[in-house]
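Here is the structure we will look at.
The values are calculated or read from the model by the stated rules, or taken from the named source; none is laboratory data. All figures in this text were calculated on a predicted structure; none of them were measured in a lab. Reconstructed Cβ throughout: ideal geometry from the backbone, glycine too, with neighbour counts over all protein chains shown. Ligands, DNA and RNA are stripped out before the accessible areas are found, and what is left, the full protein with its side chains, is counted by its heavy atoms. Shrake-Rupley method; radii C 1.70, N 1.55, O 1.52, S 1.80 Å.
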Amino acid sequence: SLPHVEVLVVPHAKGRVSRLSPTSQKAVASVCSCTRYTAMRSLQRSSQLIGALERCSLALSSSTAANDISQASMSTSAPAQSTAAPFSYTPPGRNHLFVPGPVNIHERVLRAMNVPGQNHRDPWFADFYKSVLEDTKFLYQTKEATPFIFPGTGTGGWEAALTNTLSPGDKVVCFRYGVFSHLWIDMMTRLGLDVHVVERPWGEGADEGALEEILRADTEKKIKAVAVVHNETTTGVTSDIAGCRAVMDAANHPALLLVDGVSSIGALNFQMDEWRVDVAVTGSQKALSLPTGLAFVAASKKALEAMKDAKLKRCYYDFADYLRTNPKGMVPYTPALALLHGTQESIALLRAEGFQNVVARHHRLAEGARAAVAGWGLQTLCKNPRWKSDSLTVVETPPGIDSNKIVNAAYAKYDLSIGIGLAHINGKVFRIGHLGNMNEVMLLGALCGVEMAMRDAGIDITPGSGVGKAVAYFHQTSKVIPTRESLLA
């Protein structure tokens, strides 16, 4: 009960130790080698003292595990295996996150999300929510579409796009050129749609010529929708949505245009009104640089009109529930409030940067990454420049080199997270994400880590061969950060 206590721990205090729990006995035993352990805290109860001792034991155990790892790394013999649980040690510094989602979150967004529990039925919420909904129009570059925010992921957005506009048995055309286009097709099939799948080589995008042929052949206009994954993160390919719209118009076809913009919207050029996209979908954990948990959807007037006759079953992702509540600033289900605060701040950052500047930044980062790949003497999976993605770079490894070894070495040795190859290209490629909250110095750190990891995996890469090319490109194309011009005057 003393406000401050000084605890003297001695090896022969067996009587006291024996009355403690086994965990506490271990805690006391851990510090018995010290002459004294001073707990300069306001400990109000003996249980708090015991807790302090137990925490001391855990700290000592963690320190011992870290020391074991350190000693093993310095040994010239075979390294000893740590007895700590896998991934239980937290290294200094930070994890370097360079996958194509989730992505790095800006400090301002983190602070905006750091809010206590709030009641969305209090009077303040309606104006706040309506303003966030209006803000999201900036992402799609739309003035006409109706935005929706669902607690969920981009996959939920896929379902919303399909179920609110189509009926069982409706014919849909969709290109398949990676895991995510495949998964969307799988969803369509499971929902009872008749999917005309256009197979494309992995590393290529939507073929506008093939689409035009299919639409012209549909003289009875049975095709109700064309669905395109704008940016396929499996392969590092960006399809031409404006080109798809052009051939739909050339064929004079009334099908809806549904677009998965999960890893493109907020990073790449996207013009919903100009391209007459009918439903666009994205997710919070991609270019918006938020945690996973929100599906953003925008629907054109044509899509909302199609909803009136759509017969696919829907409940949680029903536009109608939101159309009934959103105009009043309300929601049909409990919203993810912290993420909404983050959304407001994230879009404020994008607005301050300017839409075209955001697009240009992503292109510049991608060009730097591609310069590094060329410097390494390697190739990207996507060969045609018109389809190369500015959201990520997918790198082919040399024959005989398992790309998983590169990914594992990067994380194990350098705390660098890069993407594995997916499905049948697993082991053949690795993926470097460069979308969202990122600048050139961040990306250069990742490229440096990739160089080291490739050497660990047995690729004869000259240190600096890729990083140097990226440095040269970034230095040549760099500009002064707005409002900091006076420093270089």
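Given the whole protein assembly as supplied and a 1.4 Å probe, what does the accessible area of residue 488 come to in Å², nearest 10?
Result for residue 488: roughly 130 Å² accessible.
With the cut-off at 1.5 for a/c, could you classify the stretch 107-353 from its C-alpha gyration tensor as rounded, prolate or oblate?
The shape class here is prolate.
Do any trypsin sites (Lys or Arg not before Pro) in the stretch 364-428 lie in a DSSP loop with no more than 13 other beta carbon atoms within 10 Å, and if so, which?
Sparse-neighbourhood loop trypsin sites (Lys or Arg not before Pro): 383.
Rounded to the nearest 0.05, what FRET efficiency is calculated for residue 465 and residue 360 with R0 set to 22 Å and r the Cβ-Cβ distance?
Plugging the Cβ-Cβ distance into 1/(1 + (r/R0)^6) gives 0.25.
Can you compute the radius of gyration and Dmax for the stretch 243-381, using only the Cα atoms, both in Å?
Rg then Dmax for the stretch 243-381, in Å: 18.4, 57.
Alpha carbon centre of the stretch 82-131 versus the stretch 356-418: separation in Å?
Between the Cα centre of the stretch 82-131 and that of the stretch 356-418, the gap is 26 Å.
Would you rank 245, 484 by solvent-accessible area, highest first, keeping every protein chain in place and using a 1.4 Å probe?
484, 245
For the stretch 107-353, which whole-number percentage of the solvent-accessible area (1.4 Å probe, protein heavy atoms only) is attributable to carbon and sulfur atoms?
51 percent
Label-point separation (nm) for residue 218 and residue 476, each offset 7 Å from Cα along Cα-to-Cβ?
4.5 nm
Using the heavy atoms of the protein chains alone and a 1.4 angstrom probe, what is the accessible area of the stretch 385-489 per residue in square angstrom?
That works out to 51 Å² per residue.
Starting from the 7 Å offset along Cα-to-Cβ, what nm value, one decimal, do you get for the label separation of residue 190 and residue 138?
Simple spin-label model gives 3.6 nm for this pair.
For the stretch 379-489, what's the relative contact order in percent, using C-alpha pairs closer than 8 Å and at least 6 residues apart?
23 percent
When Lys and Arg each count +1 and Asp and Glu each count -1, what net charge do the other residues less than 13 Å away from residue 188, Cβ to Cβ, add up to?
-1
Whenever you get a sec, line up 341, 434, 424 from highest to lowest accessible area (probe 1.4 Å, protein heavy atoms).
424, 341, 434
Relative contact order for the stretch 107-353 using alpha-carbon pairs under 8 Å, separation at least 6, rounded to a whole percent?
Contact order relative to length: 31 percent.
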